[in-house]
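Below: the structure, in structure tokens.
Nothing in this text is a laboratory measurement; each read-out follows from the coordinates by a stated rule. Just so you know, these numbers come straight off a predicted model, no measurement behind them.
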Amino acid sequence: MGELVGFTLKEPAHQPLRPGQVADATRRMVDQSGPPDLSCPAPRGASPGSFPRKRANARRHRRVGSNRGAESGSVTARSPLMHRIGIIGTGDIARKVYLPLLTGNPDVEIVALTSRTREKAVALARRHRLDVVVDDVGEVLQLKPDIVFIHASTSAHAELVRTCLDAGSHVYVDKPLSESLDETHRLEQQATAQGLLLAVGFNRRFAPMVRAAVEAVPNPTMIISEKHRRSIRPDRPFGTVYNDLIHAIDLACWAGAIPVDAVVQGAGIVDGDHLRAATAVLLASRCHAHVAMNRDAGDDAERLFIAGDAVSATVVNLDMVMVQESGTTTTRTFGSWDGILLRRGFVGLVDHVLNSLGAPEQCLVSATAVLRTHRVADQIARSLTGC
């Protein structure tokens, strides 16, 4: 029998980043006639020169067999707009998402790649015709990358992030920043104090259909954010909240601009070491948000519903948005050539992070901007597990 666990909490003071501050990255709603605009200009109120423009013919990265500048002492001229990137970790997300995106970006030079298993790093580097594998994090940082992308296990995030910040490097890390809220606070404060960007990988904020829905309903009074799995996967309930439900939590907090005085009420069904289902309601004076997850739903599915001011928008599996207004439904879908990395928001996310290096405080996924998401996730996880 599953155990029903309930909780109620009031959020501590924290100023959320409102969707009104969001860069107008997807001004056109996506339809069959063309791809969305994911150029991610500066947020409203930012100076036009805050973010560098792309340069089409910039050198990409070192190829296999080339001389490595760090070893030969040679200096290769590069565009002042080019971003030198170090990569730590070679897991699924690095292989499927970030290496393909970064090696295909003309403004990126990958200067180092490392992993706990060197053979995996070498194999991944060869797949992308790179000759940049180094033995450890220290060697990555010796090459002075502009930003380090961290794709290691969640338990390793805090130490790796701190090491990179101590070396003066900007950092991008997969979500969550940490499963310890205290650690998340410390890392956020360190990055802020040093004037460095610490970005966290909440890609759904940049999914074109999500952007279209948020723009269609600028003043929501209700949000329903769901993320389901076809069957239970082996993970602790605490980790399930932080690594899976956190996506739905983030969309609810961000799209609803949930204020500091919001109250969270929720419950979960814990069956032994597994979290079967969880739900939470974020209650505020201007918007109510409902977050839900079922880990035994028969199929993987996501749904985001936003409503307010006589208009509603529904996003299904990040692939389609339906906007209803005045009794009329408008449906938008992607074109057949639009890739999965675009659809799921990774293209816009990576571009935005790189364009935010000169203005970390304007990044929409900075540690400061996603701190509220980690707070809510932590409260839910602790209430479900009794920690």
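The ellipsoid that matches the Cα gyration tensor of segment 312-387 has semi-axes, each √(5λ) in whole angstrom, of 29, 23, 14, with the longest given first. Once the chain from Leu283 to Thr333 is taken as fully extended at 0.36 nm per residue, the excess over their C-alpha distance is 14.8 nm. Note that segment 261-370, at 37 °C in a medium of 0.692 mPa s, gets a Stokes-Einstein diffusion coefficient of 188 µm²/s from its Kirkwood radius over C-alpha pairs. Over all pairs of different C-alpha atoms in segment 68-226, the reciprocal of the mean inverse distance, the Kirkwood hydrodynamic radius, equals 17.1 Å.
Measure up Lys120/Lys144; Lys144/Lys175; Lys96/Lys175 against 21 Å on the Cα-Cα distance and list the ones that go over. Distance filter (> 21 Å) returns Lys120/Lys144; Lys144/Lys175. Radius of gyration over Kirkwood radius for segment 348-387, both on Cα atoms: the Rg/Rh ratio is 1.21. One decimal place: the segment Ala156-Ser231 gains 24.3 nm when fully extended, by the rule 0.36 nm per residue minus the C-alpha distance. Of the two radii for segment 165-209, the radius of gyration is 1.03 times the Kirkwood radius, both from the alpha carbons; that is the Rg over Rh value.
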